[in-house]
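Inspection log for the structure reproduced underneath, given as structure tokens.
The values are calculated or read from the model by the stated rules, or taken from the named source; none is laboratory data. All figures in this text were calculated on a predicted structure; none of them were measured in a lab. Positions of Cβ are generated from backbone atoms using ideal geometry, with glycine treated the same way; all protein chains shown enter the neighbour counts. Surface areas here come from the heavy atoms of the whole protein model, side chains and all, with no ligands, DNA or RNA. Shrake-Rupley method; radii C 1.70, N 1.55, O 1.52, S 1.80 Å.
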There are 2 protein chains.
Amino acid sequence: MSEFGDAARNGLSPAQLEEVLHAVGAARYHNRHPFHNQMTSGALTKGQMQAWALNRYAYQSVIPRKDAAIIMRSEDPEFRAEWRKRIDDHDGDDGWNGGIARWLKLATGLGLDANVVKSEKLVLPATRFAVGAYLTYCTNRTLLEAVASSLTELFSPIIISERVPAMLAKYDYITKDILAYFDKRPALASRDSDFALAYVMKHANNPEKQQAAIDSLVFKCDVLWAMLDALAHAYGEKGNIPPGAFVPEPA
Amino acid sequence: MSEFGDAARNGLSPAQLEEVLHAVGAARYHNRHPFHNQMTSGALTKGQMQAWALNRYAYQSVIPRKDAAIIMRSEDPEFRAEWRKRIDDHDGDDGWNGGIARWLKLATGLGLDANVVKSEKLVLPATRFAVGAYLTYCTNRTLLEAVASSLTELFSPIIISERVPAMLAKYDYITKDILAYFDKRPALASRDSDFALAYVMKHANNPEKQQAAIDSLVFKCDVLWAMLDALAHAYGEKGNIPPGAFVPEPA
């Protein structure tokens, strides 16, 4: 159980619930992870940066599918139409002119081969499992829990604002052009998290549901954290790359 | 087992597979159902027409959800972007300016209350079960089977071309305006069924998968047929309206 595991036991006011959700982010969002700190301090090797982009692609590519899982479960056309914007953003009009394509551009801008990245064959198993757990969560849990798990978007403008200037300043091979993915995200993340937060506030109307919403955000923070843990373990100083995973070229 | 239950046992050429799929439609699509014949011959009472529109709404309202189930299962952004157009069409930009809204207009144009229709509370249980089976099918079967089950769209321009002129000619309370839903459908159905048929042709590349595709279209025809069976039984001459279902006002 997380330290937030009984935060709602006595019931929370809307303001208190929002406060707890923000506290979850402050404690457990992946901008607190050592790998993120290494990235922003300029300490990553190019191979580590490539491994990050390649693994994160597997997360990006499942986002529209978890959003479709959420749409599938809603009986409210208005909700579906709002949530559909997320799929629009990631897949674009034709599948390859949205967020996934922009992430691919980031990966290839770091020197990776597009087909290798798209195949996802060199992704760490732990990344696959974390991403798979997220898709399963959004498919099988309550709609409230699935929506609440998206609330990491509340914090993504923070990590982007930490990540982008540092990446540009600290790594000479990184240009503004290859980081185009991040230009679009803060505005979209704010739109999406405003909607999701309003949904959670409306539907988490008893202590049990409030706790479920909090737990869902904790779960999602765990997903993102586990992805960086896996990167750190596989591509850290010692190097523990599991069989079949991406092997950076020697520097 | 349907009469098509071993149609692919020896393997089919693409042309033969397409021929079988069309034969399924010719034999089992719901334009062959007696209720459809009653509708086009002018024999339905207004209460029966209302019951049809009210029950069919439950089908319309689940379409974007089954399409989201299909999107959720595809790892191909291009496929997802193409299939997403179906959700766009049904939900529209804001949930209430697409096909579902136009079907609601049809129902209210027939004198039904919008909130009663939207609540789906008066829908026949057999309709719910058929619609639920369709959603479950698209969620749990292979992607090929889910896509193939959509191929009833191949035949929908036919039923619409039979239905609309007859409805306008035979029922004085029906106007072109309230049938606006059907204006848009033939072009969209052609676009969608072209794409789905090409997908099936490409992916049903052995006898087992060809049979699965054929069976899926049979299944979907069964869904549509069962909905009209339920209407005929509940609202036919004898009248066997189950507890809790829509009761037309006396003529």
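Of the peptides A:195-204, B:46-55, A:143-152, the ranking by mean beta-carbon count within 10 Å, highest at the top, reads A:143-152, B:46-55, A:195-204. Computed packing ranks the peptides A:236-247, B:162-173, B:73-84 as B:73-84, B:162-173, A:236-247, most packed first, by mean other Cβ atoms within 10 Å.
Can you give the convex hull volume per residue for the Cα atoms of the stretch B:83-146, as a whole number of Å³? The partial results should precede the final answer.
Numbers: hull volume 6.6 nm³, N = 64.
Per-residue hull volume (Cα only) is 104 Å³.
Heavy-atom accessible surface of chain A, averaged per residue, reaches 42 Å², computed with a 1.4 Å probe. Pairing chain A with chain B buries about 2000 Å² of accessible area. This figure sums both sides and uses a 1.4 Å probe.
Taking a ≥ b ≥ c as the square roots of the eigenvalues of the alpha-carbon gyration tensor, the stretch A:1-115 is classed oblate because a/c is 1.5 or more while a/b is no larger than b/c. Distance from the A-onto-B rotation axis is smallest for the Cβ of the chain A residue given, in whole Å, as A:68, 2.
In the protein assembly as shown, helical runs assigned H by DSSP with n ≥ 4 each contribute -39500 (n - 2.57); averaged across all residues and rounded to the nearest 500, the mean residue ellipticity at 222 nm is -23000 deg cm²/dmol.
Panel note: the C-alpha atoms of the stretch B:156-225, placed on their principal axes, show extents of 51, 23, 13 Å (largest first). For the residues of B:57-69, the average number of beta carbons from a partner chain within 10 Å of their own beta carbon is 3. For the pair residue A:16 and residue B:75, what calculated FRET efficiency results from E = 1/(1 + (r/R0)^6), where r is the Cβ-Cβ distance and R0 = 51 Å, to the nearest 0.05? FRET efficiency, residue B:75 to residue A:16: 0.80.
Taking the label point 7 Å along Cα→Cβ, residue A:190 and its counterparts in the other copies are spaced 4.5 nm apart, in ascending order.
Counting only other chain Cβ atoms within 10 Å of each residue's Cβ, the peptide B:92-102 averages 3. Reported to the nearest whole Å, the Cα centre-to-centre distance from the stretch A:163-196 to the stretch B:57-96 is 29. All Cα-Cα distances of chain A, cut into 5 Å bins from zero to the largest, leave 1, 6, 13, 18, 20, 17, 12, 8, 4, 2, 0, 0 percent in each bin in turn.
Taking the longest Cα principal axis of chain B as reference, the axis of helix B:46-73 is set at about 30 degrees. Taking the square roots of 5 times each eigenvalue of the Cα gyration tensor of the protein assembly as shown, largest first, gives ellipsoid semi-axes of 47, 28, 19 Å. Histogrammed with a bin width of 5 Å, the alpha carbon distances of the stretch B:118-251 distribute as 2, 9, 14, 15, 19, 17, 11, 7, 4, 1, 0, 0 percent, first bin at zero.
Starting from the coordinates of the alpha-carbon atoms of the stretch A:188-251, obtain the Kirkwood hydrodynamic radius over all distinct pairs and give the value in Å to one decimal. All intermediate terms of the calculation are to be shown ahead of the outcome.
Numbers: mean 1/r = 0.0673 Å⁻¹.
With all distinct Cα pairs of the stretch A:188-251 included, I get 14.9 Å.
The angle between the Cα long axis of helix A:207-235 and the longest principal axis of the Cα atoms of chain A comes to about 10 degrees, rounded to the nearest 10.
Over the whole of A:84-91, what's the average partner chain Cβ count within 10 Å per residue? Rounded to a whole number, please. Please list the in-between numbers first.
Numbers: counts 9, 1, 0, 8, 3, 0, 3, 10.
Mean partner-chain Cβ count within 10 Å for A:84-91: 4.
Derived scalar couplings between HN and Hα for the stretch A:180-196 equal 4, 3, 6, 4, 7, 5, x, 5, 5, 5, 5, 4, 5, 6, 4, 5, 5 Hz in order, rounded to whole Hz, by the Karplus curve 6.51 cos²θ - 1.76 cosθ + 1.60 (θ = phi - 60°), x for Gly and Pro.
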